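The values are calculated or read from the model by the stated rules, or taken from the named source; none is laboratory data. On a predicted model such as this, the values are computed, not experimentally measured, just so you know. Neighbour counts are summed over all protein chains in view; Cβ atoms, including those assigned to glycine, are modelled from backbone coordinates with ideal geometry.
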Amino acid sequence: MKSIEYQVTEYAHQVLVKAKILAPGETPQQMFERVVNTLFEVEKEFNTPLEETLREKEHFAEFIAGKAFTPGTPTLNNAGRADHADSALSSCAIIPVDLRKKDEAVEKIRAYYRQNMGSGFDFTPYEDPVGLLVWLNELSAQETATGKYDRYIGNMGNLHVSHPKIREFIRLKRERCLPHFNLSVDVDEDFMEAAINGRQYALKDGTVLEATHLLREIAQNAWSSGDPSIINLERMNRDNPLINLLPYTTTPPCSEMGMATGETCQFGYINIAYFIKPGGMNYPLLEAATRSITRALDNAVEISAKHYPDQLSSRIARFKRKIGIGLSGIADTFLYYDIPYDSDQARQLVKDVASFVNYTSKVASVELAERRGSCEAMNNHKENRYYRRYLENRYGNGSGTVSAQNWERLGEHIRKTGQLRNILTTTQPPAARVSILMNCSPGIEPIFGIPASENELRPSIRVFVKKHAGDQADQIIRQALIDGTFQHTDLSGKECLKTAKEISPLDHLQMVTVLAGKDGVIDEAVSKTVNLPNQAKVEDVLNVFILAHKLGLKNIAVYRDGSIENQPFKL
């Protein structure tokens, strides 16, 4: 492979060092080379011709070096490092333990933590979910204090809304400091409909309460501390093609997908700002990039399956070979095209791009299956919904880039041949650190806020202001930095520079709906927070939860500015 230079900004370098993604004494270039080499070395096991591997490896390296995409940070951290030789490359895992047997559970939990994965725990089966969650948070803190971990230990803890201890769970973050856990209440259709219509709801122990009051209590605590969020595993399982074999029990820390007990996932992130050009997106180049990262993530699945602390995770990884490709650079792309985040045009662009990535990744997965064999789940004809028009039922409405006929033909081909390498391929993780590495805006989020220092202003914002203000650009930027907003300036097109709190909750939710609502265009869910100003009321949070349910969403988080002391960035 020819020599390819990998450069990062000074800030990105700091992130690589602080997050211990770089090995001791390692440069970003050396990290880049070990990751690329490791991900493609495994192709020998598929009997891939060397010439093909070298060609695909070079394409992959060029895309990463150009900041078109990146694997998740656990892959960057673990791949090819001698001190992580026994680690998988996965971004998240649902650790398969019985928390009632603490002594047995501790060592396995530590083993997963050491692999730098985010973890999820379903507390619904346990009589004392609060006590167990507090214990796990203390364990996470103790492990962190040892200094042995490269990545901050982050967990999701969820509890079904019908659990007798649900109110204690809801209040946890107001009463205790639990820095290693995000909390989610798992609601279902019955509860939400009861809450919306003022009906009563029965808990598992027979206790009957007013559903509206309970939902308001969830909103009250989310208003106060940012937790809990809402997830709906019933809806996530509705779109689970293997629901009868591996039902989802919880989610990763940011709720971007449902996962079965023991399940893991490999994440990759595409910076769509890399593909912008005058007149529209460069879809041929995006197709090439999507194929490349699909292949590399499948390689990562193969590597990871050998290194999980529990064989259940290895079996599920080989059975499903699930990967999760998400988008980044959305806000940058909107600025290039002069599109406000809260517009129909913005939502249509995201829909078209995400649909295209979803379809292309599945075509690539079929082609990989032709060469490497299908995932084991494709052998379960009776239990696998791909044999019952799964793709057509989910994506049959099509989009501006992928027609209903495209999905029909692909679904029919999969049914006839049984060829599909990866059971699911797309999701929408938060993409915080990886966006820094790609020097793009994070995930599908709007501009988060206007910083106080011009040095911290995103380049895409500066370019936008210069384009629209000319010689007045510096003056307008200075005013915006003082005000914390561009909306008080006379800048033409300033509606494109609305920050997260200046966008209505409805518009936040409608962006999620395009991706993962009833007619969504990705496989899994979306990690998305609706940001509210400090003066927002509990009623505002409650309305977000209700509206998210009515729009068919699978999950939603709400954060009120200033509700957490020392929040990372002041809105």
Hits in the stretch 436-492 - residues which are of a type in the set (A, V, I, L, M) and either within 29 Å of the chain's Cα centre (by Cα) or closer than 19 Å to G329 by Cα (or both)
I436, L437, M438, I444, I447, I450, A452, L457, I461, V463, V465
Among the residues of the stretch 476-498, is any assigned to a loop (DSSP other than H, G, I, E, B), under 21 Å from I231 (Cβ atoms) and not assigned by TED's automatic domain parsing to the domain that holds P340?
no
Exactly one of T250, T261 is of a type in the set (S, T, N, Q), under 30 Å from L76 (Cβ atoms) and in contact with a Gly (Cβ under 7 Å, 6 or more places away or on another chain), and that one is T250
If we scan the stretch 21-44, do we find a residue that is of a type in the set (D, E, K, R), surrounded by fewer than 18 Cβ atoms within 10 Å (Cβ to Cβ), under 30 Å from R421 (Cβ atoms) and more than 28 Å from the chain's Cα centre (by Cα)?
yes
Scan the strands (runs of 3 or more DSSP E) fully inside the stretch 161-273 and keep the ones with 1 or more residues being among the polar types (S, T, N, Q) and in contact with a strand residue (DSSP E or B) (Cβ under 8 Å, 6 or more places away or on another chain).
181-186, 200-202, 229-231, 264-271
Go through (1) more than 24 Å from R291 (Cβ to Cβ); (2) outside the structural domain of Y274 (by TED's automatic domain parsing) one by one and return the number of the condition P28 breaks.
(2)
Pick out the one residue from A536, A557 that is touching a strand residue (DSSP E or B) at 6+ places or on another chain (Cβ under 8 Å), in contact (Cβ under 8 Å) with a residue 24 or more places away in the chain and not in a loop (DSSP other than H, G, I, E, B).
A557
Being under 27 Å from P74 (Cα atoms), surrounded by fewer than 19 Cβ atoms within 10 Å (Cβ to Cβ) and not hydrophobic (A, V, I, L, M, F, W, C) is true for just one of E367, E392, E408, E412. Which residue is that?
E367
Please indicate, with yes or no, whether at least one residue in the stretch 122-140 is closer than 17 Å to A305 by Cα and of a type in the set (S, T, Y).
no
Given the structure, is G279 modelled with pLDDT under 95 and not in a helix (DSSP H, G or I)?
yes
Exactly one of K362, K382 is surrounded by fewer than 21 Cβ atoms within 10 Å (Cβ to Cβ) and either without any contact (Cβ under 8 Å) to a residue 24 or more places away in the chain or within 29 Å of C440 (Cβ to Cβ) (or both), and that one is K382
Give the stretch 529-542 a look and list any residue that's under 14 Å from S504 (Cα atoms) and surrounded by 16 or more Cβ atoms within 10 Å (Cβ to Cβ), or say none.
T529, V530, N531, L532, A536, D540, V541
Those residues of the stretch 253-312 which are at positive phi and surrounded by fewer than 23 Cβ atoms within 10 Å (Cβ to Cβ) amount to G262, G279, G280
Can you confirm whether the stretch 442-456 contains a residue that is at pLDDT 95 or above, more than 22 Å from N531 (Cα to Cα) and outside the structural domain of Y274 (by TED's automatic domain parsing)?
no
Note down all Cβ pairs under 6 Å where the first residue falls in the stretch 233-253 and is in contact (Cβ under 8 Å) with a residue 60 or more places away in the chain, the second is in a helix (DSSP H, G or I) and surrounded by fewer than 24 Cβ atoms within 10 Å (Cβ to Cβ), and they're at least six residues apart or on different chains.
P241/R385; P241/Y386; P241/Y390; L242/A377; I243/N237
Considering only residues of the stretch 108-121 that are charged (D, E, K, R) and part of a helix (DSSP H, G or I), which is surrounded by the fewest Cβ atoms within 10 Å (Cβ to Cβ)?
K108
Sole residue being assigned by TED's automatic domain parsing to the domain that holds T333 and touching a helix residue (DSSP H, G or I) at 6+ places or on another chain (Cβ under 8 Å), chosen from Y269, Y248:
Y269
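Residues are listed down the side, and each one gets a yes or a no for (1) out of contact with any Phe, Trp or Tyr (no Cβ under 9 Å at 6 or more places or on another chain); (2) buried (at least 22 other Cβ atoms within 10 Å of the Cβ); (3) of a type outside the set (D, E):
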position	(1), (2), (3)
L159	no, yes, yes
S162	no, no, yes
Q200	yes, no, yes
L203	yes, no, yes
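Matching residues to (1) at pLDDT 95 or above; (2) surrounded by fewer than 19 Cβ atoms within 10 Å (Cβ to Cβ):
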site: A65; (1), (2): yes, yes
site: T75; (1), (2): yes, no
site: S87; (1), (2): no, no
site: P96; (1), (2): yes, no
site: V106; (1), (2): yes, yes
site: F123; (1), (2): yes, no
